[in-house]
1. For segment 218-237, check the following and say yes or no: at least one residue is assigned to a strand (DSSP E or B), aromatic (Phe, Trp, Tyr) and more than 14 Å from the chain's Cα centre (by Cα).
2. Can you tell me how many residues in segment 111-125 are out of contact with any strand residue (DSSP E or B) (no Cβ under 9 Å at 6 or more places or on another chain) and touching a residue at least 40 places away in the same chain (Cβ under 8 Å)?
3. If you take the residues of segment 152-186 that are assigned to a loop (DSSP other than H, G, I, E, B) and among the acidic types (Asp, Glu), which of them is nearest to the ligand (Cβ to nearest atom)?
4. Search segment 253-283 for residues being more than 24 Å from VAL185 (Cα to Cα) and away from the ligand (no atom under 16 Å from the Cβ), and hand back the single one that is surrounded by the most Cβ atoms within 10 Å (Cβ to Cβ).
5. Which residue out of GLY230, GLY248 is within 16 Å of the ligand (Cβ to nearest atom) and touching a helix residue (DSSP H, G or I) at 6+ places or on another chain (Cβ under 7 Å)?
6. List every residue pair whose Cβ atoms sit under 9 Å apart, with the two residues 6 or more apart in sequence or on different chains, where the first one lies in segment 260-285 and is in contact (Cβ under 8 Å) with a residue 24 or more places away in the chain and among the basic types (Lys, Arg) and the second, anywhere, is in a loop (DSSP other than H, G, I, E, B) and more than 16 Å from the ligand (Cβ to nearest atom).
7. Can you work out which of the residues in segment 72-103 that are at pLDDT below 75 and part of a loop (DSSP other than H, G, I, E, B) is farthest from GLU280 (Cα to Cα)?
8. Find the residue count for segment 134-151, including only residues that are surrounded by fewer than 22 Cβ atoms within 10 Å (Cβ to Cβ) and either under 12 Å from the mean Cα position of the chain (by Cα) or part of a strand (DSSP E or B) (or both).
Amino acid sequence: MSYTSEQTESTVRRFIWRGAMCAGMCLAYEEDGYLIIDDFFTADHCDTLKAYAQNLMESYEATPDLVVFSPSGQSHAKANYFRTSGDKIRFFLEEGAIDTTGHLTVPISNAINKIGHNLHDLDKTFSEFSRSPQIRSVAEKLFSNPLLLQSMYICKNAKIGGEVNCHQDSTFLFTEPESCVGFWVALEDATSENGCLYAETGGHNGPLRKLFQFRGDELTMLELDQTPFGETDAALTARKGTLVLLHGRLPHRSSANLSDQSRHAFALHVIEGNSHYPAENWLQRGADNPLSGF
Ligand SMILES: O=C(O)CCC(=O)C(=O)O
């Protein structure tokens, strides 16, 4: 697929956070399937969260046979490590971070692809960030009973940060009716050089293409609809502190980071508490560990 006719920054609508989600923001989100709000977090707040995460990563000791993040072709142990991470804090490495002998090719803090998937409940610092007044305010505008389902600290480090293929978040976080919304926060400037998000403007009006499930003791991708994605040509560039809101049906992706600037981000996925969360969804939490809200 080629991504030639990039939608320029000037044609992508942008807003500035002024304490509440205004009518213009609601309309843009409804029409485009994404919403960019600058100055959502202060640069200082982002720096503090990034430094905190760097510390966690530097203290982490990798078990390379378990942790490489690869959405396809995982070994059983790796798939299990991923599958059971919904109510834990786990570290996933970049594919290029380990050599054939199982040794790290780069320092551990550069080797990590992401930390997931329950930072928002298990870590006080991430819980406070996820439940900040501004995230809560947007969530309460979009949901009647918002529940925090999944969180990720995404590194996309310089030179090694991998590509994220085009997908719809509802493929991975499905409810009936569909309700997933992604809150993606740039903790560093995200540009077309270091792997910003790209999206298909209005593509949330298309069908849900796939469902990622845990069935018969394995993770499987079910095909629902063969309609190809349209062009994901809207560059959702985001300076540090910007919120990018992503509708669960919106096709989006990001490129590998070949630049010498890292692109750290925090992503939180929220669902409607009044919807049904199927038992086949890959991400499950124990009965003694229910989802919570703000
Ligand atoms: O940060 C990225 O590059 C991808 C994030 C993403 O696709 C998501 O949060 O749904």
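The values are calculated or read from the model by the stated rules, or taken from the named source; none is laboratory data. Everything numeric here is computed off the predicted structure, so don't read it as measured data. Methodologically, a virtual Cβ is constructed for each residue, glycine included, from the backbone with ideal geometry; neighbour enumeration extends over all protein chains shown.
1. no
2. Keep residues of segment 111-125 that are out of contact with any strand residue (DSSP E or B) (no Cβ under 9 Å at 6 or more places or on another chain), which gives 124-125.
If we keep only those that are touching a residue at least 40 places away in the same chain (Cβ under 8 Å) too, we end up with 125.
Number satisfying all stated conditions: 1.
3. Step one: of segment 152-186, the residues assigned to a loop (DSSP other than H, G, I, E, B) are 155-163, 168, 172-175, 177-180.
From the residues that got through so far, the ones that are among the acidic types (Asp, Glu) too are 163, 178.
Working: GLU163: 8, GLU178: 14 Å.
The extreme case among them is GLU163.
4. TYR277
5. Unique residue meeting the criteria: GLY248.
6. Matching pairs, first to second residue: ARG285/ASP87; ARG285/LEU291.
7. Looking at residues that are at pLDDT below 75 and part of a loop (DSSP other than H, G, I, E, B), I get GLY102.
8. Within segment 134-151, residues that are surrounded by fewer than 22 Cβ atoms within 10 Å (Cβ to Cβ) and either under 12 Å from the mean Cα position of the chain (by Cα) or part of a strand (DSSP E or B) (or both) number 1.
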